[in-house]
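Report on one structure; see the data block that follows.
Values in this text are rule-based calculations from the coordinates and carry no lab data. What you see is a predicted model, and the numbers here were worked out from it, not measured in a lab. Note that each Cβ is placed from the backbone with ideal geometry, even for glycine, and that neighbours are counted across all protein chains shown.
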Amino acid sequence: MQHQLTIRYREYPSQSSLDPSDAELIQAAIRATEGSYSPYSNFRVGAAVRLANGTIVAGSNQENAAYPSGLCAERTALFAASAQHPQCRDFDALAIVGRNAAGTLCEASPCGACRQAMLEYEQQQGHPMRILWLTESGIREVESVSDLLPFAFALSPTPDQP
């Protein structure tokens, strides 16, 4: 039996067409590219996650000569937000921006490991986390991480979990 999978997403032509809070989140991700340590790939990525209380936490990719010991910007931002704000692990949205070796803003869609980490946070909080990322033609948005990872690895609840 053959099935078809459809992924819904929105595209915005520019940052100015976003809701002001989402435009602010994209700007925070752009600023975060400056903190990237990427001497091997020369591809800087910035991410910014907005908590439900409005706090924005940024992260950037961090490479290491002992590949694959580095960490992507998305997980850096999520892990930092989780560690710095354990009382508010409720994430509203995450923005991702890339910057190539020439310094030009470019697309940086999340890798599989980041998608899995983002999905686990989404599942823990019990509601969707929107993901926005810069593309060549504007901004792309999905309403839920599950749209990016439809056949996700999921742990079964332990006996002490609902």
- Mind checking which residues of segment 86-118 are closer than 18 Å to Y40 by Cα, surrounded by fewer than 14 Cβ atoms within 10 Å (Cβ to Cβ) and not small (G, A, S)? T104, C111
- In segment 1-21, how many residues are in contact with an Asp or Glu (Cβ under 7 Å, 6 or more places away or on another chain) and not in a strand (DSSP E or B)? 3
- Query: Quick one: what pairs do we get from segment 1-24, first residue at negative phi and free of Cβ contacts under 8 Å to residues at least 24 places away in the same chain, second surrounded by fewer than 10 Cβ atoms within 10 Å (Cβ to Cβ) and part of a helix (DSSP H, G or I), C-beta under 8 Å, 6+ apart or different chains?
  - Reply: A23/S16
- Message: If I ask for residues that are assigned to a strand (DSSP E or B) and under 15 Å from S38 (Cβ atoms), which ones from segment 48-63 would you list?
- Response: G59, S60, Q62
- Which of the residues that make up segment 126-151 are without any contact (Cβ under 8 Å) to a residue 40 or more places away in the chain and exposed (fewer than 15 other Cβ atoms within 10 Å of the Cβ)? G126, H127, E136, F151
- Item | From A66, A83, residue being out of contact with any Ser or Thr (no Cβ under 6 Å at 6 or more places or on another chain), of a type outside the set (D, E, K, R), exposed (fewer than 13 other Cβ atoms within 10 Å of the Cβ) and part of a loop (DSSP other than H, G, I, E, B) | A66
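Quick one: would you say P110 is outside any helix (DSSP H, G or I) and in contact with a helix residue (DSSP H, G or I) (Cβ under 6 Å, 6 or more places away or on another chain)? Show your work before the answer.
Values: outside any helix (DSSP H, G or I): yes; in contact with a helix residue (DSSP H, G or I) (Cβ under 6 Å, 6 or more places away or on another chain): yes.
So P110 fits the description; yes.
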- Item | Unique residue being touching a residue at least 60 places away in the same chain (Cβ under 8 Å) and not in a loop (DSSP other than H, G, I, E, B) when the list is A77, A117, A93 | A93
